[in-house]
Amino acid sequence: MRSGYSVETVRTAERELMDRLPDGVLMQRAATGLAAACADLLRRRGRVYGARVVLLVGSGDNGGDALYAGARLARRGAGVSAVLLAAGRAHAGGLAALLGAGGRVVEDPFDVLAAADLVLDGITGIGGRGGLRPDAVPVARAARGSGAVVVAVDLPSGVEADSGEVVGEALRADVTVTFGTYKPAHLIDPAREYAGAVGLVDIGLGPVLPSVPELEALQHADVARLLPVPTGESDKYRRGVVGIVAGSARYPGAAVLAVAGALRGGAGAVRYVGPAGDAVIARFPETLVHAGPPADAGRVQAWVVGPGLGEEPGVRDALASDVPVLVDADGLRGLDAGVVRARTAPTLLTPHAGEAAALLEVPREEVESARLTAVRELAARYGATVLLKGSTTLVADPDTSLPVRVNPTGTPWLATAGSGDVLSGLTGSLLAAGLGARDAGSVGAYLHGLAARGAARGAPVSAEDVGAALREAWRDVSAEG
């Protein structure tokens, strides 16, 4: 499990740890790990001795981290130049260490950046807000255009640590070396994209951080523990029956794709309700088909409603049931928050950014730029678990004491028509098999993203390809169990 903590939580933990340690030890731990990561990168590009390293140094502690790391690299024979972007406010101890190790301070950053092998971005730290200052923008652009590998100290300068937003200009890194724990910006787009590959340096924060983080990202072993596995006494009904209310005369394919996901999600049977029964049976003859309405279709352990539904009825019947309900796509249109909040069984909403914006009555751009805020607000407003789809898929529970889950799998090729229908069916099947809404959403997103990676392998994929690859993704994860 990867855990992410807010700036306030991290600073509180750092203060507690610093009270127990001699002055400066925490920064030295960070600088040691940072220098080691930089040396490793330089070795891959040639060698450390004689390499040209440029430090972009702001006034914060991460500027101090950069200076101390630069001093260590200078002692190993690298040529280290520091650009002080906050003249007179650079970390005094770090600057003295750099100069004592043979590093230098330069006034004109552009010549040294043009020749650099590695640039350390220590301009702003986790407290930075609102993007880079105007005077730092040309320097950041020169660093990015230099051909050097750019290493961010703790997080890329200009991104918002707590939300993952990028407000204004930021310096895109190839590698980010962070300390103690991950922050939201390392896990959530658009900031995650700016961070590049993220490495974590242990500085001893673990024992003083809260046991429950603000964010968490499941890994293979975590998902393996959650997968529903039948026992010797299981039959198709004990394993769960998932009902799919999807598709229409205009969009029969949505029903087929939702059923494809559902059949590979661990439930014992799939019951399809709607007008696309012929298309479903032609592709998946094992499906139980009923013309509807859902209330007359037979017992299920969970409902999935909405994919390709158009104006077809069915959402109200499902929401009136006493079993978990996943609402997606057309089912989200005009959804009544009061009806959802009044339900006694779990509800899982799975909007993309546009649908989330409509539910929140805000512009789509607002959701895309502040995904963490949006998913939390949706969960609170509807009293439901919310899976917000996108480049970073987030799962938030209405219980605010639980961490928001960030899905680490996927590929840009997954942005293809019908892939969300497969995800809905898969996740609904996990609900029917007995997983809670938060776990079903998290596991469904993880398997879906993993299947897309396996199916794509660097090439375009269709939603049908993703559905077909789910079985191998399940096997891959199960091998960790």
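The values are calculated or read from the model by the stated rules, or taken from the named source; none is laboratory data. Fair warning: this is a prediction, and the values are worked out from it, not measured in the lab. Heads up, the Cβs are rebuilt from the backbone with ideal geometry, glycines too, and the neighbour counts pull from every protein chain shown. Heads up: the accessible areas ignore ligands, DNA and RNA and are worked out on the full protein's heavy atoms, side chains in. Shrake-Rupley method; radii C 1.70, N 1.55, O 1.52, S 1.80 Å.
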- Cβ under 12 Å from G261's Cβ, G261 left aside: what net charge do those residues give with Lys, Arg +1 and Asp, Glu -1? -1
- Could you pull out every residue, at least 5 positions away or on a different chain, whose amide H is within less than 5 Å of the one on L326? Hs are placed 1.01 Å off N in the peptide plane, and Pro or chain starts have none. W303, V304, V305, L348
- Give the peptides 436-447, 125-136 in descending order of average Cβ contacts within 10 Å, highest first. 436-447, 125-136
- Item | Spin-label proximity, A221 to the stretch 1-41 - amide N less than 16 Å from point 7 Å beyond Cα toward beta carbon | 1-3
- Just check the chain against the gyration tensor rule for me: Cα atoms, a ≥ b ≥ c as the square roots of the eigenvalues, rounded for a/c under 1.5, and otherwise prolate or oblate depending on whether a/b exceeds b/c. prolate
- Query: If you line up the long axis of helix 25-45 against the longest principal axis of the chain, both from Cα atoms, how many degrees apart are they, to the nearest 10?
  - Reply: 80
- Cα shape, the stretch 63-112, gyration tensor, a/c 1.5 rule: oblate
- Note on the structure: Applying the gyration tensor rule to the Cα atoms of the stretch 355-463 (axes a ≥ b ≥ c; rounded if a/c under 1.5, else prolate if a/b exceeds b/c, else oblate), the class is oblate
- Task: Relative to the longest principal axis of the C-alpha atoms of the chain, give the angle of the C-alpha long axis of helix 463-478, reported between 0 and 90° and rounded to the nearest 10°.
- Result: 70
- Message: Once each part is reduced to its C-alpha centroid, what is the distance from the stretch 429-459 to the stretch 235-261 in angstrom?
- Response: 16
- Please list 7-17, 294-304 highest first by mean number of surrounding beta-carbon atoms within 10 Å per residue. 294-304, 7-17
- Item | Amide H partners (placed H, <5 Å) of V201, local residues excluded | T178, F179, G180
- Note on the structure: Lys and Arg at +1, Asp and Glu at -1: neighbours of L42 with Cβ under 11 Å from its Cβ sum to +4
- Based solely on its DSSP helices, what 222 nm [θ] is calculated for the chain when runs of n ≥ 4 H residues each add -39,500 (n - 2.57) and the sum is averaged over all residues, nearest 500 deg cm²/dmol? -12000 deg cm²/dmol
- Query: So, counting K/R as plus one and D/E as minus one, what does the shell of residues with Cβ under 10 Å around A224 add up to?
  - Reply: -2
- Note on the structure: For the chain, averaging the sequence separation of alpha carbon pairs under 8 Å that lie six or more residues apart and dividing by its residue count, the contact order in percent is 13
- Item | Surface share of carbon and sulfur [accessible, 1.4 angstrom probe, percent] for the chain | 50
- Item | Mean Cβ neighbour count within 10 Å, used as a protection proxy, ranking 376-386, 397-407 highest first | 376-386, 397-407
- Would you mind getting the accessible area per residue of the chain, heavy atoms of the protein chains only, 1.4 Å probe, in Å²? 41
